[in-house]
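Below you'll find the structure, written out as structure tokens, and then a few comments.
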Amino acid sequence: MKFLTVSSKETRKKAEVLVLPYWQGEKKAVAAFSKEGISTEILSLLEKDFKGESCEILTSYSAEGLEKRILLIGLGSLSECEGNTLRKAFAKVTDFCRKKKWVTVNCFIPQEWEGEILPILDGFSMANYTFDKLKRESLTRKPSIFLESVCLIGQKNIKKQIASLEHWMEGVNLTRNLVNDNADDMRAKDLVEVAKHLAKEFPSLECTILRQKELEKEKMGLLLAVNRGAEQEPALIVLHYRGNPKSNDLTVLIGKGITFDTGGLNLKPTGSMETMKTDMAGGAAVLGTMRALASSSLEKNVLGVVVAAENAVGSKAFKPGDVFISREGKSVEISNTDAEGRLVLADAFSYVQDNYNPSRMIDIATLTGGIVVALGEEVTGFFSNSEGLSKQLLEASARTGEKLWQMPLFPEYRKGLQSGIADIRNASTNRKASPCVGAAFLHQFVKKGIPWAHLDIGGSGYLSEATSYYPSHATGIGVKLFLSFLETV
Ligand code: BES
Ligand code: ZN
Ligand code: ZN
């Protein structure tokens, strides 16, 4: 979808529908168009049928003008209108237009609107996605329709914001596509190909890949253990983006890339395994972020790391009760093969900390089902050892609407990880506070002095049902959060 702009309504081109935002009790947008043959009918309808409540829609035909239809979108009261009100409302407009097969939109944003433009662009874009690759019959019967162009009328100087959102959305949609695809088509080697392809497309990205042999040389015992049951080799994918070569500052993003999580020999039951192709959503978010960074040429240095492996079952699979040596040196008793995400991440942390000099390190992972129990499907739980980093992430969350909620890193959570036979074990024997125990495990692999945050997207990476502005299935969560965050470091 393309965004266009014109500063006044006189210069707009034809479109299938004219969208007029309507704040409860304010008729500015409508009034601005009242000479175009719509005023009397619309205004009288308005008084009767339309209150302008949040996400309320009213459509009408217009006899004159450049658009044959008018769509009023309610935004609630102006004083209560915030970013997510706008995202929800404009996503609703996208949904509505796609259902009606209207693909070109003119949208008036009154000059009086002094709020942010980004959530409006975001709302239009977020809902303009459906994953069609795996459809056959239904696709010929009912092909998905996408908005093609949205022309914003009445705002000046928003070209930069439009360009950056368009780059961001390319990243978000790449992430969604990777997560939604079949697990068997998105193996470690497929993620490697995606990364290599990105490095080819964007010379600012340098790609380093470690496969089985190199990982063995690196003694990444935990990552290798997790992948033992799988047919495919695991991979550590590193994309280095040097947007500011003069600076030594380096943000490291590390994504869990379990391409399928059966649970391993601690096999997941029916009802828990069906969505596990999405267990690489963290890794996919890192790839999406790197793409958007490179295409928007942000002047920051970022290392994007994806730890790709499959947690499969079979005679070669790693066994509960056995002990493996991590790259960092600690021995780890496997108390549960289903707590595999923390194992692969721990080895990746160690590799990154020894080979680079991270100014800050953020991992993103579908680490626990417990985070869904705690926060629901739309919220990411985050843990951090740094107040400054937490603050910056929360601010980015407020700007992008990707909800974050801070969870505790109390040292007491380490108690459940004590092992009688090894230095540490990978999970406690009960499920109490599992997201916090998972974070406590990861924390023990973070070197002192490195600001670190862990984002548990076990709930927010994938939605079983569409919400106001997320389509069902992969959300692409993390990408916009990272990009907005990176602008501020
Ligand atoms: N990939 C899962 C977490 C998950 C579950 C994400 C459901 C999204 C939806 C992870 O590897 C896992 O299985 N975690 C276990 C940890 C436990 C064994 C300590 C969990 O959450 O049950
Ligand atoms: Zn698992
Ligand atoms: Zn997992």
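Looking at the stretch 328-344, which of its residues are within 24 Å of M280 (Cβ to Cβ), outside any loop (DSSP other than H, G, I, E, B) and not aliphatic (A, V, I, L, M)? Quick ask: steps written out before the conclusion?
Our first condition is that a residue be within 24 Å of M280 (Cβ to Cβ); within the stretch 328-344, this holds for 328, 332, 334-344.
Right, trim to outside any loop (DSSP other than H, G, I, E, B) and you get 332, 341-344.
Matches in the stretch 328-344: G341, R342.
Count, please, the residues in the stretch 316-347 that happen to be within 16 Å of ligand 2 (Cβ to nearest atom) and among the small types (G, A, S).
So the count comes out to 5.
Is one or more of the residues making up the stretch 398-411 of a type in the set (G, A, S), more than 15 Å from ligand 1 (Cβ to nearest atom) and under 17 Å from S460 (Cβ atoms)? Let's see the steps before the verdict.
Applying the first criterion (of a type in the set (G, A, S)) to the stretch 398-411 yields 398, 401.
With more than 15 Å from ligand 1 (Cβ to nearest atom) added as a condition, the list becomes 398, 401.
Retained after the next criterion (residues that are under 17 Å from S460 (Cβ atoms)): 398, 401.
The answer is yes; a qualifying residue exists.
Is the stretch 447-457 home to any residue that is in contact (Cβ under 8 Å) with a residue 24 or more places away in the chain and over 22 Å from the mean Cα position of the chain (by Cα)? Step through it out loud before you land on a result.
Initial filter on the stretch 447-457 (in contact (Cβ under 8 Å) with a residue 24 or more places away in the chain): 447, 450-457.
Those left that are additionally over 22 Å from the mean Cα position of the chain (by Cα): 447, 450.
So far as the stretch 447-457 goes, yes, one or more of its residues are in contact (Cβ under 8 Å) with a residue 24 or more places away in the chain and over 22 Å from the mean Cα position of the chain (by Cα).
Would you point out the residue of the stretch 269-284, among those that are part of a helix (DSSP H, G or I) and hydrophobic (A, V, I, L, M, F, W, C), that is farthest from L198 (Cα to Cα)? Break it down into steps so the answer makes sense when it comes.
The initial filter retains those residues of the stretch 269-284 that are part of a helix (DSSP H, G or I), namely 276-284.
If we keep only those that are hydrophobic (A, V, I, L, M, F, W, C) as well, we get 276, 280-281, 284.
Details: M276: 25, M280: 18, A281: 18, A284: 13 Å.
Restricting to residues being part of a helix (DSSP H, G or I) and hydrophobic (A, V, I, L, M, F, W, C), the top hit is M276.
Considering each residue of the stretch 177-198, count those that are surrounded by fewer than 20 Cβ atoms within 10 Å (Cβ to Cβ) and either of a type in the set (G, A, S) or at pLDDT below 95 (or both), and give that number.
Total satisfying the criteria: 1.
Taking the stretch 251-263 as the search range and keeping residues that are under 27 Å from S315 (Cα atoms), of a type outside the set (S, T, Y) and part of a strand (DSSP E or B), which one is farthest from ligand 2 (Cβ to nearest atom)? Spell out the reasoning first.
Of all residues in the stretch 251-263, those under 27 Å from S315 (Cα atoms) come to 256-263.
Checking which are of a type outside the set (S, T, Y) leaves us with 256-258, 260-261, 263.
Applying the additional criterion that residues be part of a strand (DSSP E or B) yields 256-258, 260-261.
Working: K256: 10, G257: 13, I258: 7, F260: 10, D261: 4 Å.
Out of the qualifying residues, it is G257.
Can you tell which of N244, N248, N266 is within 16 Å of ligand 2 (Cβ to nearest atom), over 18 Å from the mean Cα position of the chain (by Cα) and either modelled with pLDDT of 95 or more or part of a helix (DSSP H, G or I) (or both)?
Of the residues listed, the single one that is within 16 Å of ligand 2 (Cβ to nearest atom), over 18 Å from the mean Cα position of the chain (by Cα) and either modelled with pLDDT of 95 or more or part of a helix (DSSP H, G or I) (or both) is N266.
When you check P234 against the structure, is it within 16 Å of ligand 3 (Cβ to nearest atom) and either among the acidic types (D, E) or crowded, with 19+ Cβ neighbours inside 10 Å (or both), yes or no? Can you show your working first?
Numbers: within 16 Å of ligand 3 (Cβ to nearest atom): yes; either among the acidic types (D, E) or crowded, with 19+ Cβ neighbours inside 10 Å (or both): yes.
Answer is yes for this residue.
Every residue, every condition in (1) away from ligand 3 (no atom under 16 Å from the Cβ); (2) closer than 26 Å to K432 by Cβ; (3) surrounded by 24 or more Cβ atoms within 10 Å (Cβ to Cβ), yes or no:
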residue: G329; (1), (2), (3): yes, no, no
residue: G341; (1), (2), (3): no, yes, yes
residue: S350; (1), (2), (3): yes, no, no
residue: L367; (1), (2), (3): no, yes, yes
residue: G370; (1), (2), (3): no, yes, no
residue: G376; (1), (2), (3): yes, yes, no
residue: G381; (1), (2), (3): no, yes, yes
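Pairs please, first residue from the stretch 255-278 and over 16 Å from L223 (Cβ atoms), second anywhere and more than 8 Å from ligand 1 (Cβ to nearest atom) and of a type in the set (F, W, Y), Cβ atoms under 8 Å, 6+ apart in sequence or on different chains.
Taking only residues 6 or more apart or on different chains, the pairs are L265/F318; M276/F260; K277/F260.
Inspect all residues belonging to the stretch 468-481 and state whether any of them is of a type in the set (A, V, I, L, M, F, W, C), in a loop (DSSP other than H, G, I, E, B), away from ligand 2 (no atom under 16 Å from the Cβ) and surrounded by 24 or more Cβ atoms within 10 Å (Cβ to Cβ).
To start, the set of residues in the stretch 468-481 that are of a type in the set (A, V, I, L, M, F, W, C) comprises 474, 477, 479, 481.
Remaining after also requiring in a loop (DSSP other than H, G, I, E, B): 477.
Going one step further and asking which of them are away from ligand 2 (no atom under 16 Å from the Cβ), we end up with 477.
Now restrict to residues that are surrounded by 24 or more Cβ atoms within 10 Å (Cβ to Cβ): 477.
Yes: one or more hits.
Of the residues that make up the stretch 208-219, is at least one of a type in the set (S, T, Y), within 16 Å of ligand 2 (Cβ to nearest atom) and within 25 Å of I362 (Cα to Cα)?
If we filter the stretch 208-219 for residues that are of a type in the set (S, T, Y), which is where we start, we get 208.
So of that shortlist, the ones also within 16 Å of ligand 2 (Cβ to nearest atom) come out as none.
Checked the stretch 208-219: no residue is of a type in the set (S, T, Y), within 16 Å of ligand 2 (Cβ to nearest atom) and within 25 Å of I362 (Cα to Cα).
The values are calculated or read from the model by the stated rules, or taken from the named source; none is laboratory data. Since we're looking at a predicted model, the values are computed, not measured. Every residue, glycine among them, receives a Cβ derived from its backbone with ideal geometry; neighbour counts consider all protein chains shown.
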